[in-house]
1. Can you tell me the length gained on complete extension of the stretch residue 6 to residue 101, counting 0.36 nm per residue apart and subtracting the Cα distance?
2. Once every Cα of the chain carries one equal point scatterer and solvent is ignored, give the base-10 log of I(q)/I(0) from the Debye formula at q = 0.14, 0.15, 0.18 Å⁻¹, two decimals.
3. Just from its helices, what would the mean residue ellipticity at 222 nm be for the chain, if runs of 4 or more DSSP H residues each count -39500 (n - 2.57) and the sum is divided by every residue, rounded to the nearest 500 deg cm²/dmol?
4. What is the Cα radius of gyration of segment 26-127 over 2.2 N^0.38 Å, N being its residue count?
5. Once fully extended, how much extra length lies between residue 135 and residue 36, figured as 0.36 nm per residue of separation less the alpha-carbon to alpha-carbon distance?
6. Applying the Karplus parametrisation 6.51 cos²θ - 1.76 cosθ + 1.60 with θ = phi - 60° to the phi angles of segment 70-79, what ³J(HN,Hα) value in whole Hz is obtained for each residue in order, glycine and proline being reported as x?
7. Each residue of segment 38-49 in turn: what ³J(HN,Hα) in whole Hz from Karplus with 6.51, -1.76, 1.60 and θ = phi - 60°, glycine and Pro shown as x?
8. Please report how far the C-alpha centroid of segment 83-119 lies from that of segment 1-52, rounded to the nearest whole angstrom.
Amino acid sequence: MNLHYTDFELFGLPQRFAQERSEIDARWKELQREAHPDRFAAQGHTAQRAALQWSVRINEAYQRLKDPLKRAAYLCELLGAPINAENNTAMPPEFLMEQMEWREALDEAGGEEELEGLSERVLTRRREVLASIQQLLDLEADAPAAARQVRALMFIERFAHDVDSRLAQLGQ
């Protein structure tokens, strides 16, 4: 194994957004078995330390590949369109209006039914953005446009977490 492999190369997967989670999981288990430090006990401390490094690298790659948001951001970076979310928060006006409407709906939600309805709208929007990212990365090879959608998805994910937190508060 080469430490300089991309996550996709390391896992033996095609470099694309669309991935089967079961394949990622299966490959992760396989790689972890191969790199487990106990398998190298007879070869000495140096071999075990190298295996531990590989295990850490495999886990880092797994965390990126299994999460659609992280995978999309990673792919954009590999394709020369880093997300730079900390200094690039520009969003289309329609998206910002949608976010404001969601925030108002969250603030005004009086009960579980309203929050669940909002949650469903957010999840639907999340699926739409994920489909757009897949189209942009896998079919159109438009990483800069995909990066804009990834930044939008980051907002959506944060908002979904806020809705879930409010639902959890109601359940207490």
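Each value in this text was obtained by applying a stated rule to the coordinates, not by laboratory testing. Note that the structure is predicted; figures quoted are calculated from it, not measured. Positions of Cβ are backbone-derived with ideal geometry, glycine not excepted, and every protein chain shown enters the neighbour counts.
1. Net length gain for the segment: 30.3 nm.
2. Result of the Debye calculation: -0.84, -0.91, -1.09.
3. -23500 deg cm²/dmol
4. Rg over 2.2 N^0.38 Å, computed on Cα atoms: 1.70.
5. Contour length minus the Cα-Cα distance gives 31.9 nm.
6. Ordered by residue, 3J(HN,Hα) equals 5, 5, 5, 4, 5, 4, 4, 4, 4, 8 Hz.
7. Karplus-based 3J(HN,Hα) across segment 38-49 equals 4, 5, 10, 4, 6, 8, x, 5, 5, 5, 5, 5 Hz.
8. A separation of 38 Å, based on Cα centres.
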